[in-house]
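*Asks:* Below you will find the structure I want to go over with you.
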Amino acid sequence: MSPIRLFYALRPDTPLANTLSTWATQAQPHSRGRAMRTETLHMTLAFLGSVEKEIADELIDATPYHRLQPGTVTLDRYGVFARPRILWAGPAQTPASLQASHDGLWLWLSAFGFVPPAQPFRPHVTLLRNI
């Protein structure tokens, strides 16, 4: 079987997703970027990459038993990641509950053999690609 590209993410509710799509549409004329589809908007907590189907099935079965810290995230700034050429929206400060959820998720994933990325967590929602 082929590996499956896998990640854990938070999805915005419909009103927020619609607002984010509007922001992307408003920013698009100022770049050559491609706006993300509303239904694909998300904030990645853990990108796992290509995962063998057996491990993916284990994670799918175990995921309902792993709970995240409740909290609120305010997307109050824009930014650009130059190398992947994306425009994003994110929090000016990472809420403690979001950081705890990220850290706890990676701790839980380590039991499955995954290693957290070396770079710090920078929560964001991609609005435009290839800017």
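*Asks:* All but one of (1) touching a residue at least 40 places away in the same chain (Cβ under 8 Å); (2) in contact with a Lys or Arg (Cβ under 7 Å, 6 or more places away or on another chain) hold for A92; which doesn't?
*Replies:* For A92, the exception is condition (1).
*Asks:* Would you please list the contacts, defined by Cβ atoms under 6 Å and residues six or more apart or on different chains, that run from a residue in the range 1-29 that is within 19 Å of L128 (Cβ to Cβ) and open to solvent by less than 40 Å² (accessible area, probe 1.4 Å) to a residue that is at pLDDT 95 or above and in a helix (DSSP H, G or I)?
*Replies:* Listed by first residue and then by second, the contacts come to A17/T38; S21/T38.
*Asks:* Another question about this same structure. Does P84 satisfy the condition of being more than 21 Å from I4 (Cα to Cα), of a type outside the set (S, T, N, Q) and open to solvent by 90 Å² or more (accessible area, probe 1.4 Å)?
*Replies:* Here the answer is no, as P84 does not meet what is asked.
*Asks:* Can you pull out every residue in the range 97-109 that is open to solvent by 50 Å² or more (accessible area, probe 1.4 Å) and in contact (Cβ under 8 Å) with a residue 40 or more places away in the chain?
*Replies:* W108
*Asks:* Among the listed residues T40, T44, identify the single one that is within 22 Å of P3 (Cα to Cα), in contact (Cβ under 8 Å) with a residue 24 or more places away in the chain and of a type outside the set (F, W, Y).
*Replies:* Checking each option against the conditions leaves just T44.
*Asks:* Looking at L45, L59, can you tell me which residue is open to solvent by less than 30 Å² (accessible area, probe 1.4 Å), modelled with pLDDT of 95 or more and not in a helix (DSSP H, G or I)?
*Replies:* That would be L45, the only listed residue that is open to solvent by less than 30 Å² (accessible area, probe 1.4 Å), modelled with pLDDT of 95 or more and not in a helix (DSSP H, G or I).
*Asks:* Something else about it: So, in the range 63-78, exactly how many residues are surrounded by 13 or more Cβ atoms within 10 Å (Cβ to Cβ) and either among the hydroxyl-bearing types (S, T, Y) or outside any loop (DSSP other than H, G, I, E, B) (or both)?
*Replies:* Adding up the residues that qualify gives 1.
*Asks:* Conditions first: (1) in contact (Cβ under 8 Å) with a residue 40 or more places away in the chain; (2) not in a strand (DSSP E or B). L87 passes all but one, so which condition is the exception?
*Replies:* Here L87 clears every test but (2).
*Asks:* Please verify whether the range 88-96 includes one or more residues that are farther than 25 Å from A27 by Cα and surrounded by fewer than 18 Cβ atoms within 10 Å (Cβ to Cβ).
*Replies:* Yes, there is a match, as at least one residue in the range 88-96 is farther than 25 Å from A27 by Cα and surrounded by fewer than 18 Cβ atoms within 10 Å (Cβ to Cβ).
The values are calculated or read from the model by the stated rules, or taken from the named source; none is laboratory data. Note that this is a predicted model, so its numbers are computed, not measured. As a convention, Cβ positions derive from the backbone with ideal geometry for all residues, glycine included, and neighbour counts pool all protein chains shown. SASA here: full protein model, heavy atoms, side chains in, ligands and nucleic acids out. Shrake-Rupley method; radii C 1.70, N 1.55, O 1.52, S 1.80 Å.
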